[in-house]
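First up is the structure itself, then whatever we jot down about it.
Nothing in this text is a laboratory measurement; each read-out follows from the coordinates by a stated rule. A quick note: this is a predicted structure, and the numbers were derived from the prediction, not measured. Quick reminder, even Gly has a Cβ in these numbers, built from the backbone with ideal geometry, and neighbours come from all protein chains shown.
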Amino acid sequence: MTAPAQPSPRDRFLALVRAAFDGGTLVKLTLGKHRGADATLQNVHIRPVALQAGAHFAFVWRHATRDITKNHPPAVAIAEIERLIGGDFSDAHLFTTTQRAQLELRPDGGGRIRVLAAVAGAGAPPAGAVAHDRTKRHFIPATAPWLRALGVTNERGLPREGMADKFRQIQKFAELLTHLMEEAFPGARPSASGPQLQIADMGSGKGYLTFALAQILGDRAHVRGIEARAELVEVCNRVARESGLTHLAFAAGRIESAPAGAALDVLIALHACDTATDDALAHGVAAGAPLLVVAPCCQKELRAQLTAPPVLAEPLRHGIFQERHAEFATDALRALLLEWAGYRTKVFEFISTEHTAKNLMIAAIKVRERAAPDGELAARAREFAAFYGIRTQALARALGFSFSA
């Protein structure tokens, strides 16, 4: 009697995916090692999302310089995954609340599958529970000692008067950084024996978000806050010691004078004024940091240079429009320059304007080496600069990028 054929590694992996979908245990699914026709496509990330139309799955198609997001209902999502695995992608990582699995396919159709138990604490609320679980999930525990020491929460873990917006901002930042770290360092997990990530928060201020970084990353990273005001540095170092955050330290200094050449994995600069944001970005690029995260502020440098197209001349008589136009031109140019420098960029609002008006964030993940000075990406930045009459800009100068071809 002939023994029944054993399911292939691909079939076994897809069975695990369907079980995660049906059981509501999916955390994320990542498809890699792209071999399709689109040379710009790198990978696809799939996560459960709760929409008004019901449970869906978000597909984020990551290209060299842009991301495309599409939401699909479960049946369509499964069909799309079955088409992609073994088709355009030969590698897949599945993360559920109970296990982790990896599929590696060979060109001849063979391959292997590895299934591991989930890392403790690495799970997320299952898709089926999103719409029903009303308990607020905080990335930073409201009772964290440093939150109380910095005056954000009281002894019961509740935001103090006037600090509710700051508390929400800290939580949102922690959530965003968690997802960005997963993208920039896929598959990485905290390890006492592994190398520590080197993270710098330039212009750290009172340290709210620097402490949040140290909290969510734990011993996996050494976090440094750099702040010009010595009195804040002293306070933050004391709170870090008293809170037991031995992997967090603050130093007095300015962004533009930060020493170059030190190893750096993540660069953070939130609300650094005007060209200080450019100084921070240039520092991160020079260090080859895989992840850059900035929230620009007071974009003044280009205002005097901007030459309004004739159709915009009349509206731009108004100061508020001039200010917002300069903000757009400055940050759009920064994104173009970072893409030329080898990064995939995202520009988005990281928190509602009701909490802060300066809510735009630029996140950049290193995906390749710097592009050619006369290539397509360089031409895009030059064309944009020429449209606005921009002759010089701080980040371009620091990167050695010329606006003249």
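Odds and ends about this structure:
- Using θ = phi - 60° and Karplus 6.51 cos²θ - 1.76 cosθ + 1.60, couplings along segment 16-32 (whole Hz; Gly, Pro as x): 5, 5, 4, 5, 5, 5, 5, x, x, 9, 5, 9, 6, 9, 10, 10, x
- Nearest 10 degrees, 0 to 90: helix 319-340 Cα axis against the chain principal axis: 50 degrees
- Legend: calculated FRET efficiency, LYS33 to ALA263, from the Cβ-Cβ distance at R0 = 45 Å, rounded to 0.05, equals 0.95.
- Amide H to amide H distances under 5 Å link ASN71 with PHE59, where only residues 5 or more positions off or on other chains count and H is placed in the peptide plane.
- Mean Cβ count within 10 Å, highest first, over the residues of peptides 312-322, 156-166, 387-397: 387-397, 156-166, 312-322
- Hypothetical label at ASP108: residues of segment 67-96 whose amide nitrogen lies under 12 Å (7 Å Cα-Cβ projection): none
- FRET efficiency, ARG160 to THR69 (Cβ-Cβ, R0 30 Å, nearest 0.05): 0.20
- Inter-label distance, LYS300 to ALA251: 2.8 nm, where each label sits 7 Å from its Cα along the C-beta direction.
- Helix-derived mean residue ellipticity, 222 nm - over the chain, DSSP H n ≥ 4, -39500 (n - 2.57), to 500: -10000 deg cm²/dmol
- Estimated distance in nm for a label pair at ASP374 and PHE321, the labels positioned 7 Å out from Cα along Cα-to-Cβ: 4.0 nm
- For segment 69-107, the residues whose backbone nitrogen is under 17 Å from a point 7 Å from the Cα of PHE348, taken along Cα to Cβ, are 69-72.
- The modelled label-to-label distance between HIS271 and THR178, using points 7 Å beyond Cα along the C-beta direction, is 2.4 nm.
- Highest average first, the peptides 54-61, 302-309, 290-297 ordered by how many other beta carbon atoms sit within 10 Å of their residues are 290-297, 54-61, 302-309.
- If you plug the beta carbon distance of ARG12 and ASP219 into 1/(1 + (r/R0)^6) with R0 = 45 Å, you get a FRET efficiency near 0.80.
- Per residue, the convex hull around the alpha carbon atoms of segment 59-118 comes to 109 Å³.
- Largest first, the three principal axis extents of the alpha carbons in the chain are 84, 57, 44 Å in whole numbers.
- Distance cut-off 21 Å, percentage of C-alpha pairs in segment 9-129 lying past it: 36 percent
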